[in-house]
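Quick notes on the structure that follows.
The values are calculated or read from the model by the stated rules, or taken from the named source; none is laboratory data. Computed from a predicted structure; not experimentally measured. Cβ coordinates were reconstructed from backbone atoms using ideal geometry, including for glycine residues, and neighbour counts include every protein chain displayed.
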Amino acid sequence: MKVVDLFSGCGGMSLGFQNAGYTIEAAFDNWKPAVDVYRENFDHPILTKDLSDSNVVKDIQQYKPDIIIGGPPCQDFSSAGHRNESLGRADLTISFAEIIVQVKPTFFVMENVDRIMKSSIYQQVRELFSANGYGLTAKVLDASYCGVPQKRKRFFLIGFLLGEDDFLETYLEKNLSKNRMTMHDYMGDSLGVEYYFRIPRSYKRRAVFSIYEPSVTIRGVERPIPKEYKKHPGDLVDIGDKVRALTVKERSYIQTFPEEFKLEGTKTNLNQMIGNAVPVNLAKFVGKAIIEFCEENKIRIDIL
């Protein structure tokens, strides 16, 4: 299946679908640091475009995508953001939906934080998709059950043109692992430490974690251990030589980017794009479910 990735960032979703067996025709994003990293890691084109501009539809249509994937910016819905739909970024979710109903791919996959389901924007896009003939599967997936060593809940809205609602539910459910994946399951002893520091949003929360549990959610910011940091009752060990913060590259591994994935740019920008990325293996999990659905239901699209 031919894929176009919108709001691609540095390419987590593209790489996941590529690894699942799809052909990525093109990607679109409007943040230059992420576009530069994407371009270094993929052979297909990435276009720097404002996806709220209605003229972008023609650019997308030229690639004749069978499936459009994308994660519109989620800050206005996120627990880490201001959760204010009036700030304008939520409008890009509407832009994504409007692109879908104009281009009419056979499938689409929209990713966001699970809080979007409580928003008025979500109800608007659901109604728009349904009115234009898409059967919809809405699913919150915990990445740690999908081949990712990280407790990260993400919402997926998956559409199938002229399909029925909940068409993909069974395929997503049956492929979930029975146990959460830990950092040690995925990375072994490669970090050289058993405990790591993650700056908490509030010092009422613990900040020292074990590699023998899934990572906490990778965020778009990270800082070294503050000199004045005092041990939280929930911290597993004292701060010392055996505890350190993770590097940008190590954080990318937890997002299941491969070692050979090139990351060039400022630390601030790289942290943001890694934190915003869809984990590669989570995207692959969703992509493989769609392929399995097509194969079992004898839906022929290009390579299928």
Helices (runs of 4 or more DSSP H) wholly inside region 1-73 containing at least 3 residues that are in contact with a helix residue (DSSP H, G or I) (Cβ under 7 Å, 6 or more places away or on another chain) and either free of Cβ contacts under 8 Å to residues at least 40 places away in the same chain or farther than 16 Å from Lys104 by Cα (or both): 12-20, 32-41
Residue match in region 64-84 (condition: at pLDDT 95 or above and surrounded by fewer than 17 Cβ atoms within 10 Å (Cβ to Cβ)): yes
Cβ-Cβ under 7 Å pairs, at least 6 apart or on other chains, region 169-192 side farther than 21 Å from Ile158 by Cα, far side assigned to a helix (DSSP H, G or I): Arg180/Ser144; Arg180/Tyr145; Met181/Ser144; Met183/Ile254; Met187/Tyr253; Leu191/Glu250
Residue in region 134-146 that is within 22 Å of Met13 (Cα to Cα) and touching a Pro at 6+ places or on another chain (Cβ under 6 Å) present: yes
Residue selected from region 171-208 under the condition within 14 Å of Asp142 (Cβ to Cβ) and of a type in the set (Lys, Arg), by the criterion surrounded by the most Cβ atoms within 10 Å (Cβ to Cβ): Arg180
Odd one out for Leu161, checked against (1) touching a Lys or Arg at 6+ places or on another chain (Cβ under 7 Å); (2) at pLDDT below 95: (2)
Candidate set: region 1-55, residues that are crowded, with 22+ Cβ neighbours inside 10 Å and among the polar types (S, T, N, Q); chosen: the one farthest from Gly220 (Cα to Cα): Ser14
Lone unmet requirement of (1) modelled with pLDDT of 95 or more; (2) of a type in the set (D, E, K, R); (3) in a loop (DSSP other than H, G, I, E, B) for Asp185: (3)
Selection within region 101-145 - basic (Lys, Arg) and within 23 Å of Asp59 (Cβ to Cβ): Lys104
Unmet criterion (only one of (1) surrounded by fewer than 16 Cβ atoms within 10 Å (Cβ to Cβ); (2) among the hydrophobic types (A, V, I, L, M, F, W, C); (3) not in a loop (DSSP other than H, G, I, E, B)) for Ile158: (1)
Top-ranked residue in region 231-274 [being at pLDDT 95 or above and of a type in the set (Gly, Ala, Ser); ranked as nearest to Arg219 (Cα to Cα)]: Ser252
